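A short write-up of the structure that comes next.
The values are calculated or read from the model by the stated rules, or taken from the named source; none is laboratory data. On a predicted model such as this, the values are computed, not experimentally measured, just so you know. Quick reminder, even Gly has a Cβ in these numbers, built from the backbone with ideal geometry, and neighbours come from all protein chains shown. Heavy atoms of the whole protein, side chains included, go into the accessibility calculation; ligands, DNA and RNA do not. Shrake-Rupley method; radii C 1.70, N 1.55, O 1.52, S 1.80 Å.
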Amino acid sequence: MTEAFTVTSAAPLRDLNTLRIAAAARWLATVASPVALPEVLGRPEFDGLPLMVLGQGSNVLFAADFEGLVLRPAWSCVRIARDEGDAALVRAEAGLGWDALVDWTLAQGLAGLENLALIPGLVGAAPIQNIGAYGAEASEFITAVEAWDRRDSVVARLPRAECRFAYRDSAFKQDPDRWIVTAVEFRLPRSREPNLGYAGVREELEAMGLAQPTPAQVAQAVRRLRRRKLPDPALIGNAGSFFKNPVVPAARADVLAAAHPGLPVRRSATGECKLSAAWLIEACGLKGIREGDAGVSAQHALVLVNHGSASGAALLGLARRVADSVEQRFGVRLEPEPRIVGASF
Ligand SMILES: Cc1cc2nc3c(=O)[nH]c(=O)nc-3n(C[C@H](O)[C@H](O)[C@H](O)COP(=O)(O)OP(=O)(O)OC[C@H]3O[C@@H](n4cnc5c(N)ncnc54)[C@H](O)[C@@H]3O)c2cc1C
């Protein structure tokens with residue numbers, strides 16, 4: 001991109017979201033540098049319109065057209081901001097691909113992000129829902145997030161404590177109209193004990209014949225596992241896990257586990273328990289069901305899929321029916337993980 005930004009109107013979004021919903025945006029701006037943000041945001045045609053930032057669209061469901069400005073950050077440098085010997089501070093810009101960052105850090109001999117390999121999306125979206133997989137979360141390694149503050153019209157630098165990271169949650173997710181993440185800073189160690197808390201990762205490494213894996217080998221195992229377990233958005237539209245794993249008090253989890261042997265429960269140090277949403281959905285007999293082109297993946301019950309030309313409204317309707325079935329059977333309400341645009345859940 002040579003210009004600072006490009007703007008189109010009535011922009012089709014089908015190729016810009018992994019669920020492949022054929023929605024449109026009234027305006028679409030692709031911006032090459034955060035320096036151009038004040039000029040873009042100040043254009044008179046955008047005055048008073050809602051704004052949403054779009055990365056790779058791998059965690060959004062467009063339930064309707066977006067009658068406002070969709071802004072795509074396209075700045076994507078990455079560098080070591082400070083070498084501390086046994087660790088390094090890495091600063092990555094919002095438009096860099098997440099998996100490209102994972103690869104880059106591993107190639108620099110830095111550990112930490114290996115369990116998060118192959119998560120789709122851009123770096124700027126990683127803090128929004130504090131991406132996580134296989135027992136790791138991005139927030140473990142984020143030291144600060146730089147973001148354009150639309151309220152005060154300045155670039156702010158939020159240290160980790162101000163980001164209010166939680167399970168698939170952050171200050172940015174809570175206040176989407178305020179923040180445009182411009183860069184993320186990570187502190188990554190040069191070596192560490194691999195995080196092998198997940199049986200699936202351990203088994204994959206065993207199958208690969210690796211008893212003492214390097215971080216790059218853990219990433220390789222995670223990639224193999226993900227390619228096998230998750231439907232590929234290049235082949236079938238999806239947004240990964242559609243529902244968060246419900247978190248319930250221990251007493252409630254005990255009652256459910258006693259009534260439903262086999263229900264996977266992960267206990268945290270704080271006494272709360274995470275239930276497997278995939279198991280709950282499968283137990284309702286919903287894995288693989290299809291209503292027109294909207295479906296529940298036959299490969300993974302937590303993933304909703306677009307078999308072809310499902311509308312966002314049809315997928316949302318199916319998601320609500322899945323959540324209703326789980327609630328009726330188990331008394332637990334599932335919450336969606338992706339941002340739902342143009343409707344509430
Ligand atoms: C096959 C598949 C597997 C997945 N697996 C995982 C997984 O294991 N773990 C996990 O946590 N997620 C997973 N996801 C979800 C998704 O990959 C992540 O949430 C990712 O971070 C989304 O990145 P994106 O660039 O596509 O963001 P988008 O989908 O474009 O946006 C997501 C949200 O973040 C906001 N946003 C994006 N960029 C910015 C920015 N720069 N500033 C402010 N707001 C912004 C958007 O407005 C929106 O609300 C998966 C998705 C798919 C399709």
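Conditions tested, residue by residue: (1) within 16 Å of the ligand (Cβ to nearest atom); (2) surrounded by fewer than 21 Cβ atoms within 10 Å (Cβ to Cβ).
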position: 281; (1), (2): no, no
position: 284; (1), (2): no, yes
position: 290; (1), (2): no, yes
position: 303; (1), (2): yes, no
position: 318; (1), (2): no, no
(request) Would you point out the residue of the stretch 118-132, among those that are farther than 14 Å from residue 168 by Cα and buried (at least 24 other Cβ atoms within 10 Å of the Cβ), that is farthest from the ligand (Cβ to nearest atom)? (result) 123
(request) Exactly one condition in (1) at pLDDT below 95; (2) under 26 Å from residue 234 (Cβ atoms) is not met by residue 117; state its number. (result) (1)
(request) Please note which strands (runs of 3 or more DSSP E) are completely contained in the stretch 267-345 and include at least 3 residues that are touching a residue at least 40 places away in the same chain (Cβ under 8 Å) and within 22 Å of residue 21 (Cα to Cα). (result) 303-306, 339-341
(request) Filter the stretch 95-117 for residues that are assigned to a helix (DSSP H, G or I) and either basic (Lys, Arg) or open to solvent by 10 Å² or more (accessible area, probe 1.4 Å) (or both) and give the result. (result) 99, 100, 103, 104, 106, 107
(message) I'd like to verify a number: residues in the stretch 18-52 that are assigned to a strand (DSSP E or B) and open to solvent by 50 Å² or more (accessible area, probe 1.4 Å), how many?
(response) 2
(message) Show the residue pairs meeting these rules: Cβ distance below 6 Å; 6+ apart or different chains; first residue within the stretch 179-194 and in contact (Cβ under 8 Å) with a residue 60 or more places away in the chain; second residue polar (S, T, N, Q) and more than 9 Å from the ligand (Cβ to nearest atom).
(response) 185/143; 187/143; 188/105
(request) Test residue 89 against the stated conditions and say whether it is within 14 Å of the ligand (Cβ to nearest atom) and crowded, with 16+ Cβ neighbours inside 10 Å. (result) no
(request) Would you please name the residue that is nearest to residue 70 (Cα to Cα), looking only at residues in the stretch 320-338 that are surrounded by 17 or more Cβ atoms within 10 Å (Cβ to Cβ) and within 19 Å of the chain's Cα centre (by Cα)? (result) 338
